[in-house]
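Remarks on the structure that follows.
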């Protein structure tokens, strides 16, 4: 059971890291639906570099750098060129899906390194993710930088009029979001499941994207949602802990996705919206023209 | 940038002309092929050899050509499934899930007819017609769920369709693996093979779904350019707020574009798994076929929403994926050349989309001389 708990927390951390970066992205008004692509690329880069150099830090650095670079490309298209953010995000996802399949397939199989070092029985990414939640909450709600991020996400014109560099803040956020997505991919391929496979994420990035909506753009709610989803994901892989012998293991694998749709539906109902009030950034997905 | 008396600047172009859009699409494909040549580069052979092998197999080899045409029909149906919601401003990326739903529904017909146990069975016209109908209905039902959630509650359709893709992927596994209802009696991990009586006729070597796909492409373009229903969908896609003021019901539009899109994806699932000679089953690697449906997104985007314009795109991309995979084996390249080309095509499309929105403008900054400058005294 302890093993199940530890694995659940590791799974939660992958969701959390990707979703936390996207949360910051979205608070600045930029939507990146290609989050799964950034995770795929970050995870593949981390895996390939770690395998070829035998060094986990090198792998991590590669994953983070690739994620940040892709985040910047998304920013270039969305902020500087004022393109359609959905088109850019979908482009990044399909590009990543295609290229990582090609680049990673000769390396299909286990990483071949000693297990990622644990800290008090847990992956260090778990602590890192929790600390990042606290840091992001503090920056967003207690600092002038956070105020600037929130203001460009709500009303970029008003933010610009008060002297905020809208493009600069948004670039900062998309690159930060990209690095965390790359880190999430690296956490997956180096620690959670150190085996490279074709399209190894199979929806993790999209679940992370959905988690941002569930969280109502609040980092602490996001942490709770990630823990819940991590546990649910792990239980869907090991249903014998809950209901042994009931339904096939394939049906259990559909549960996290079905629950995601159900929660998305509930939080979209007028009842939920009026009662809890979604804190959706007003300028989310809208290109800013100064 | 200033060059002599001229200033060169890049400005936003509000409405690119149709020839410019067509040129942008062609350039996007050409650039993707140029970039893909890097993937084909090996110490033994250059990209030209690889392209010669790929296109030679896809379009000049009889068995390769057959595979290309069948795949093109599949891609065309997937293109229609993406294109119809796109004209309404909605993204249907649930193509794989709807394809799997269609395949399962199509195989449910012979399963209920007892054909799995008999291995042959007798099928009349009703059973043959029921298979594509069941497939279209299953895809449409999945699409209807997405359309309703989008229309009634504004639930993000990208997230819902992606979740449904994963749900359907695992449900197919449940049906064809580890004693699943459709599992083959002789091979683990794939469905039973469709008895001959349940295979559709092949006039001109093509299943009826091929003709249906081509006819549908013409009808879809006609509806979008000439019919009131198409006008309503386009208006909603361009400006949902204005559409509401014009009395267009957003619920009906969102619902129907997803129902139609889902129906075409379902038919694509029927076509590839139940109507293509040589397959007639849901194979172990069904995920590969499901993911190929994403080419439908590229076809629709590069054809800029024209269903008929997507036909040559579907044929080209089908040839590229079939031939690319053949060249991959012949030249011992890594797995995934076809997916890599898919990624490159999407990237070049994004850039061509961008190029459409901007134009390069030359402007004279100094006044043009009105007459020849006076000659200095003494000059001849």
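Observations, loosely collected:
- Residue B:42/residue B:65 FRET efficiency (R0 22 Å; Cβ-Cβ; nearest 0.05): 0.30
- Percent of alpha-carbon pairs separated by more than 21 Å within segment B:22-166: 64
- Viscosity 1.567 mPa s, 4 °C: Kirkwood-radius Stokes-Einstein D of chain A over Cα pairs, µm²/s: 67
- Dividing the alpha-carbon radius of gyration of segment B:24-364 by the rule-of-thumb value 2.2 N^0.38 Å gives 1.02.
- The overall shape of segment B:1-101 is oblate: from the C-alpha gyration tensor, with semi-axes ordered a ≥ b ≥ c, the ratio a/c is 1.5 or greater and a/b is no larger than b/c.
- With N as its number of residues, the protein assembly as shown has a Cα radius of gyration that, divided by 2.2 N^0.38 Å, comes to 1.01.
- Paramagnetic reach from residue A:131 in segment A:53-94 [backbone N under 16 Å; point 7 Å along Cα→Cβ]: A:57, A:61
- Once both labels are positioned 7 Å from their Cα atoms along Cα-to-Cβ, the gap between residue B:211 and residue A:108 label points is 3.9 nm.
- Per-residue Cβ neighbour counts within 10 Å put A:212, B:146, A:86 in the sequence A:86, A:212, B:146, beginning with the fewest.
- Chain A: most fluctuating residue of A:113, A:76, A:180 per GNM, C-alpha cutoff 10 Å: A:113
- Counting only other chain Cβ atoms within 10 Å of each residue's Cβ, the peptide A:252-264 averages 5.
- Using a Förster distance of 45 Å, the FRET efficiency for residue B:359-residue A:216 (Cβ separation, nearest 0.05): 0.60
- Largest to smallest principal axis extent of the C-alpha atoms in segment A:178-229, angstrom: 33, 21, 17
- In degrees, nearest ten, helix A:166-187 long axis to first principal axis of chain A (Cα): 0
- Segment B:250-375: proportion of alpha-carbon pairs further apart than 18 angstrom, %: 69
- Rounded Å value of the spacing that divides the Cα centres of segment B:35-88 and segment A:114-158: 44
- Helix B:208-226 axis, angle to chain B major axis (alpha carbon atoms, nearest 10°): 40
- For chain A, built as a Gaussian network whose Cα springs stay under 10 Å, the top-fluctuating residue of A:109, A:225, A:21: A:109
- Working value for segment A:33-78: equivalent-ellipsoid semi-axes of 22, 10, 6 Å, each the square root of 5 times a Cα gyration tensor eigenvalue, largest first.
- When the Gaussian network model of chain A links Cα atoms closer than 10 Å, the mean-square fluctuations of A:125, A:116, A:206 top out at A:116.
- C-alpha long axis of helix B:47-60 to longest principal axis of chain B, angle in °: 50
- Theoretical FRET efficiency, 1/(1+(r/R0)^6), r = Cβ-Cβ of residue A:82 and residue B:187, R0 56 Å, to 0.05: 0.60
Taken together, the values in this text are just the output of simple stated rules run on the coordinates, not laboratory data. Because the structure is a prediction, the values reported are computed rather than measured. No Cβ is skipped: glycine too gets one built from the backbone with ideal geometry, and neighbour counts run over all protein chains shown.
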